[in-house]
Amino acid sequence: MNNLVWKFEAVFLGGIVFLMGILGGSGWAMNLEQEIAQKFSGYERAKKSIQISRMVKKDVNSNGKVDKILFLDESGKVVKIKYDLDEDGFWEQTVFKIKEGILVKELYVKGKYLPYHVFIFEKNNLVLEKMDKNRDGLFDKYIYLCRDKYIKKEDLNFDGKIDKITYFTNSGDILYRKEFLGDSKDTIKTIYFKSGKVNKIEEVNNDRNIVIEKSNGYLRKIVFNKIKGKWKKKIISYDKSNNVQKIIYDINGDGQEDVYEHYKDGILVGIDRDENYNGKIDFKIVYKNKNEVLLKRDRDEDGFFEENVFLNKNENKKIIEIRNEKTPIFRRIVYKNNIPVKEEIVDDKFKKVIELKVYNKERKLVEYQKKDKDGFIDVIWLYSKEGFPCLAKKDRNKDGKIDTWYFYENGKIRKVEIDKDGDGNPDSWQEYKNGKLISSRRSLLN
């Protein structure tokens with residue numbers, strides 16, 4: 001089993017889905033978010049702790065309108081600046097000087113008392129940015145920059161909850177993206193990128209977990225469904241054309257693979273099953289043109305499939321073969337419209353039928369044949385509609401020709417005809433009554 005599968009399975013069952021399933025082992029992202037969150041809260045506290053001793057108003061454009069106000073602390077150092085950029089009396093921009101090299105810039109919309117766009121700079125480098133895009137007083141987009149990576153968080157539907165988090169390198173290449181789905185945002189989808197292309201997708205919630213990845217150039221999907229408290233696994237493999245190639249199931253949630261579905265060009269061609277959940281395949285189905293054509297069953301689970309059922313949907317026909325690995329002799333039953341019409345005992349070594357039973361639509365036996373090992377007919381029995389024997393044919397000298405005929409009435413022998421000279425015609429007759437011989441005669445020609 002691929003290491004990723006077992007790692008992912010262990011994560012789900014161990015109860016630490018969030019850390020591993022969402023971050024996929026990228027611990028730097030969690031550390032970076034914590035670091036940025038700490039910095040941001042630190043800036044907010046620093047803003048509130050600023051002590052202002054006096055302010056200086058300025059008319060930068062020298063047009064008689066104050067468009068800039070400087071706020072100074074006790075030492076005379078500028079700690080805050082407000083700007084009226086369009087000189088309409090509303091201060092659209094405020095800059096806080098937290099400490100040497102650190103600035104917080106806030107933008108305001110007229111009539112609103114909360115900033116809609118905030119920038120934080122360290123040594124002239126933008127490190128934090130947040131925006132209220134719909135101007136409802138709640139920030140719905142955040143951009144964090146730190147070291148060689150940065151993070152973008154977005155509330156796309158403006159419900160106050162983050163919908164998407166994207167992680168980039170400092171050169172702008174996307175590393176991976178987390179999407180929080182559903183009304184409760186309890187489904188988390190993580191998309192990993194490599195060289196600008198999607199390399200792996202993980203989707204996690206309380207009852208369903210999915211991994212989509214490329215393995216050796218082929219797409220693969222791993223699904224865990226939580227059913228009645230058990231995590232049940234499904235692995236879907238694809239070919240180079242992204243058609244389904246194989247699906248593997250853990251039906252009973254015991255961690256073992258129980259069912260294998262095989263596909264060609266995305267079309268189902270076979271199923272292998274472990275119906276007893278003991279690690280042994282004991283049932284197989286073969287498909288052709290999307291129809292079942294062969295069922296195979298290994299009842300004693302020794303690796304030999306004793307029972308084979310051949311199906312022909314177009315003719316509504318079914319053939320059952322029951323074999324034994326220790327002998328070439330096997331039994332074959334032919335059904336038409338789910339009614340048995342013929343039963344054979346076959347010697348597979350010599351490819352010969354050595355016993356034959358034929359049935360009518362009422363499932364009554366109408367003919368029985370038995371042959372010896374050389375394929376010569378030993379006896380042929382014909383039966384009435386009621387199931388009584390009415391005629392038996394026998395090849396007594398094993399020359400391949402019928403030479404004896406037995407006639408019955410109501411299940412009792414009535415007459416026997418014998419061909420002694422082998423010309424195909426009887427030349428000896430015996431009459432019976434109540435099962436007892438009452439007369440016997442021969443042809444005078446003999």
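The values are calculated or read from the model by the stated rules, or taken from the named source; none is laboratory data. Source: prediction; values computed, not measured. Using ideal geometry, Cβ is built from the backbone for each residue, glycine included, and neighbour counts are taken over all protein chains shown. Side chains are part of the model used for accessible areas, which takes the heavy atoms of the whole protein and leaves out ligands, DNA and RNA. Shrake-Rupley method; radii C 1.70, N 1.55, O 1.52, S 1.80 Å.
Close Cβ contacts (under 7 Å, 6 or more residues apart or on different chains) running from residues in region 261-280 that are under 18 Å from GLN245 (Cβ atoms) and in a loop (DSSP other than H, G, I, E, B) to residues that are of a type outside the set (D, E, K, R) and open to solvent by less than 80 Å² (accessible area, probe 1.4 Å) comprise ASP265/ASN243; GLY266/ASN243; GLY266/VAL244. For region 229-251, the set of residues classified as of a type outside the set (D, E, K, R), in a loop (DSSP other than H, G, I, E, B) and under 22 Å from GLY217 (Cα atoms) consists of SER241, ASN242, ASN243, listed by residue number. Applying the set (1) in contact with a strand residue (DSSP E or B) (Cβ under 6 Å, 6 or more places away or on another chain); (2) assigned to a loop (DSSP other than H, G, I, E, B) to ASP254 leaves exactly one unmet item: (1). If you filter region 422-445 down to residues that are under 16 Å from LYS394 (Cβ atoms) and not in a strand (DSSP E or B), you find that the one that is nearest to the chain's Cα centre (by Cα) is GLY424.
Output the residues belonging to region 125-139 that are assigned to a loop (DSSP other than H, G, I, E, B) and either over 41 Å from the mean Cα position of the chain (by Cα) or more than 20 Å from GLU35 (Cα to Cα) (or both). Steps first, answer last, please.
Looking only at region 125-139, we keep the residues that are assigned to a loop (DSSP other than H, G, I, E, B), and these are 132-139.
Within region 125-139, ASP132, LYS133, ASN134, ARG135, ASP136, GLY137, LEU138 qualify.
Every condition in (1) modelled with pLDDT of 85 or more; (2) under 29 Å from SER443 (Cα atoms); (3) β-branched (Val, Ile, Thr) holds for ILE377 except the one numbered (1). Consider only pairs whose beta carbons are under 6 Å apart and that are at least six residues apart or on different chains; among these, list those whose first residue lies in region 132-156 and is more than 25 Å from TYR113 (Cβ to Cβ) and at pLDDT below 85 and whose second residue is assigned to a loop (DSSP other than H, G, I, E, B) and open to solvent by 60 Å² or more (accessible area, probe 1.4 Å). Close Cβ pairs satisfying both conditions: ASP148/ASN170.
Sub-6 Å Cβ pairs linking a first residue in region 229-258 that is at positive phi to a second residue that is assigned to a strand (DSSP E or B) and charged (D, E, K, R), at least 6 apart or interchain, are GLY253/LYS230; GLY253/LYS232, ordered by first then second residue.
Have a look at PHE12, PHE71 and point out the one that is open to solvent by less than 30 Å² (accessible area, probe 1.4 Å) and modelled with pLDDT under 90.
Working: PHE71 fails: modelled with pLDDT under 90.
That would be PHE12, the only listed residue that is open to solvent by less than 30 Å² (accessible area, probe 1.4 Å) and modelled with pLDDT under 90.
Of all the residues in region 181-208, those that are hydroxyl-bearing (Ser, Thr, Tyr) and open to solvent by less than 40 Å² (accessible area, probe 1.4 Å) number 3. Residues that are open to solvent by less than 50 Å² (accessible area, probe 1.4 Å), outside any strand (DSSP E or B) and in contact with a Phe, Trp or Tyr (Cβ under 8 Å, 6 or more places away or on another chain): does region 219-228 have at least one? Within region 219-228 (the criterion being open to solvent by less than 50 Å² (accessible area, probe 1.4 Å), outside any strand (DSSP E or B) and in contact with a Phe, Trp or Tyr (Cβ under 8 Å, 6 or more places away or on another chain)), the answer is no, since none of the residues qualifies.
Listed here are the residues, each with its yes/no results for (1) more than 30 Å from GLU386 (Cα to Cα); (2) touching a Lys or Arg at 6+ places or on another chain (Cβ under 7 Å).
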| site | (1), (2) |
| --- | --- |
| ASN276 | yes, no |
| LYS284 | yes, yes |
| ASN291 | yes, yes |
| ILE322 | no, yes |
| ASP348 | yes, no |
| ARG363 | no, no |
| TYR368 | no, yes |
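Residues being open to solvent by 40 Å² or more (accessible area, probe 1.4 Å), assigned to a loop (DSSP other than H, G, I, E, B) and among the small types (Gly, Ala, Ser) are represented in region 395-415 by at least one member.
Listed here are the residues, each with its yes/no results for (1) within 30 Å of PHE305 (Cβ to Cβ); (2) in contact with a strand residue (DSSP E or B) (Cβ under 8 Å, 6 or more places away or on another chain); (3) of a type in the set (Val, Ile, Thr).
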site: LYS336; (1), (2), (3): yes, yes, no
site: LYS349; (1), (2), (3): yes, yes, no
site: GLU355; (1), (2), (3): yes, yes, no
site: LEU382; (1), (2), (3): no, yes, no
site: LYS398; (1), (2), (3): no, no, no
site: THR404; (1), (2), (3): no, yes, yes
site: ASP423; (1), (2), (3): no, no, no
site: ILE438; (1), (2), (3): no, yes, yes
site: SER443; (1), (2), (3): no, yes, no
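Table: residues versus (1) part of a loop (DSSP other than H, G, I, E, B); (2) small (Gly, Ala, Ser).
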site: LEU145; (1), (2): no, no
site: TYR150; (1), (2): no, no
site: LYS153; (1), (2): no, no
site: PHE158; (1), (2): yes, no
site: ILE165; (1), (2): no, no
site: GLY172; (1), (2): yes, yes
site: ASP183; (1), (2): yes, no
site: LYS189; (1), (2): no, no
site: TYR192; (1), (2): no, no
